[in-house]
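The values are calculated or read from the model by the stated rules, or taken from the named source; none is laboratory data. Because the structure is a prediction, the values reported are computed rather than measured. Please note: Cβ atoms are built from the backbone with ideal geometry, for glycine as well, and neighbour counts cover all protein chains shown. Just the protein is used for accessible areas: all its heavy atoms, side chains included, with ligands, DNA and RNA removed. Shrake-Rupley method; radii C 1.70, N 1.55, O 1.52, S 1.80 Å.
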There are 2 protein chains.
Amino acid sequence: MDALDERIVRALAEDARRAYADIGAEVGLSAPAVKRRVDRLRARGAITGFTVRIDPAVMGRGTEGLIELYCRSRTAPADIRRALARYPEVASASTVTGEADAVVQVFASDMRHFERVLERIAGEDFVERTKSVLVLSPLLRRHAPDLPA
Amino acid sequence: MDALDERIVRALAEDARRAYADIGAEVGLSAPAVKRRVDRLRARGAITGFTVRIDPAVMGRGTEGLIELYCRSRTAPADIRRALARYPEVASASTVTGEADAVVQVFASDMRHFERVLERIAGEDFVERTKSVLVLSPLLRRHAPDLPA
DNA sequence: ACTGAAATAGAAAGACC
DNA sequence: GGTCTTTCTATTTCAGT
């Protein structure tokens, strides 16, 4: 993972469908050289795939919220994961330090929908209580946030 | 945005570099038809781009945390945005309902790094106090969370 | 308006040095 | 790592529904 790899990943983060030759021209490599590095990054697991960026609002998922889960003692993370995986509205979930056990990010079509999802999640048997906030406006959403400065 | 568009977006969400002909075979369209629909989705703003999925750990950003910001009265969201945009460690930030004014997602290389970022953010002049949690383990990270069920 | 088929332009993948 | 060649894909054109 050298400076060249990083520049390649940054280029792909901005546009994952950019041609290797194009990226190569930017970083000073030939197209095959760029491809080889991308292949290596994938093999190593640094790049885990390519995906599309979507506008939640346009896709009818304009209502975003965060739900903190307070779980029963001895709830296994795997159980939380399994339960949440059944909700298509759940975008991400992580166990966290602090009072809550997990934070869940939810995208719903509207407030009514969000409320319904919240109630269903709160009704999961391992959930003791929840605390939720609604996202007012996304200030920042980085494409490749996971890159060293 | 019909059922076909949705299936195409789902396919791209799983692998944005998949060939149009390939996606077409799955949804029952020819390659040009798929391309035309993708172009339309981009034009409409439903698809905002293509990006790469990265493993934060492998990229040296294995420490994730969430920081709640409690801001001075009359702090404009734009000011928060401008300030946070200067931190490469900030992956996302949103204003929220509830006690806190904003929630910031940060990826750092390690605890020391996270602490440094937290202190710098806490030191921003519009920030009165912060409350932060560390992410223990990501349970779920959906590729295309923003799609209608 | 949207589709598929065919033709062209372009990029990716592989062999080779 | 670059160069060259082959193969595949994207893109455009055109015509049909």
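Of note:
- Rg(Cα)/(2.2 N^0.38 Å) for segment A:3-44, N = residue count: 0.98
- Think of the protein assembly as shown as a dipole: +1 on every Lys or Arg Cβ, -1 on every Asp or Glu Cβ, centred on the Cα centre; then among A:A21, B:A108, B:A93, A:A21 lies furthest on the positive end.
- Per residue solvent-accessible surface (Å²) - segment B:1-130, probe of 1.4 Å: 48 Å²
- Computed on segment B:3-44, with alpha-carbon pairs under 8 angstrom and 6+ residues apart, the relative contact order is 35 percent.
- Here the dipole of segment B:18-120 is about 660 debye; that uses its Cα centre as origin and unit charges on the Cβ of Lys and Arg (positive) and Asp and Glu (negative).
- Identity and axial distance of the chain A residue whose Cβ lies nearest the axis relating A to B, Å: A:A16, 3
- Fully extended contour minus Cα-Cα distance, from B:T97 to B:K35, at 0.36 nm per residue: 18.3 nm
- Heavy-atom accessible surface that B and A bury in contact, both chains counted, 1.4 Å, Å² to 100: 5800 Å²
- Considering all C-alpha pairs of chain B, those separated by over 24 Å amount to 50%.
- Low-density loop positions, GluC sites (Glu not before Pro), segment A:53-148 - DSSP coil, at most 11 other Cβ in 10 Å: A:E99
- Segment A:66-82 - phi-based ³J(HN,Hα) in whole Hz, Karplus 6.51/-1.76/1.60, Gly and Pro as x: 10, 10, 8, 9, 10, 9, 4, 4, 6, 7, 7, x, 4, 5, 4, 4, 4
- Across all directions, the average projected area of the convex hull around the alpha carbons of segment A:35-123 is 7.9 nm².
- Annotation for A:S73 and B:R141: the two label points, set 7 Å from Cα along the Cα-Cβ direction, are 3.3 nm apart.
- Comparing each chain alone with all protein chains together (probe 1.4 Å, DNA, RNA and ligands left out), the residues of segment B:122-139 losing at least 10 Å² of accessible area are B:K131, B:V133, B:L134, B:V135, B:L136, B:S137, B:L139.
- Length-normalised contact order of segment B:56-135 in % [C-alpha pairs under 8 Å, at least 6 apart]: 47 percent
- Straight Cα distances below 22 angstrom link A:K131 to the lysines B:K131, with same-chain residues fewer than 8 positions distant left out.
- 3J(HN,Hα) couplings calculated from phi for segment B:88-94 with the Karplus curve 6.51 cos²θ - 1.76 cosθ + 1.60 (θ = phi - 60°) are, in sequence order, x, 6, 7, 8, 7, 7, 9 Hz; Gly and Pro show x.
- Each stretch of four or more DSSP H residues adds -39500 (n - 2.57); spread over every residue of chain A, this sum gives -11000 deg cm²/dmol at 222 nm.
- Remark on B:A16: its backbone amide H falls under 5 Å from those of A:F50, A:T51, a criterion applied only to residues 5 or more positions apart or on other chains, H modelled at 1.01 Å from N.
- Among the trypsin sites (Lys or Arg not before Pro) found in segment B:69-149, those both in a DSSP coil and sparsely packed, with 15 or fewer other Cβ atoms within 10 Å of their Cβ, are B:R72, B:R74, B:R86.
- Annotation: amide H-H contacts under 5 Å for B:L140 (H modelled 1.01 Å from N, sequence separation of 5 or more, or interchain): A:A93.
- Here, P(r) means the percent of Cα pairs in each 5 Å bin from 0 to the largest distance; for the protein assembly as shown it is 1, 5, 11, 14, 16, 17, 15, 11, 6, 3, 1, 0.
- Under-5 Å amide H pairs with A:E68, H placed in peptide plane, nonlocal only: A:V104, A:K131, A:S132, A:V133
- Relative contact order %, chain B, counting alpha carbon pairs below 8 Å whose residues are six or more apart: 25 percent
- Note, ³J(HN,Hα) from phi for segment A:122-137, Karplus 6.51, -1.76, 1.60, rounded to Hz, x at Gly and Pro: 5, x, 4, 5, 8, 8, 8, 7, 10, 9, 10, 10, 9, 7, 7, 8
- Local charge for A:L69 was computed over the other residues whose Cβ lies under 13 Å away, with Lys and Arg +1 and Asp and Glu -1, and equals -2.
- Shielding value for B:61-71 is 2, the average number of Cβ atoms from other chains within 10 Å of each residue's Cβ.
- Per residue of peptide B:87-93, the mean number of Cβ atoms on other chains within 10 Å of the residue Cβ is 6.
- A simple count of charges around B:A43, restricted to other residues whose Cβ falls under 15 Å of its Cβ and scoring Lys, Arg +1 and Asp, Glu -1, yields +4.
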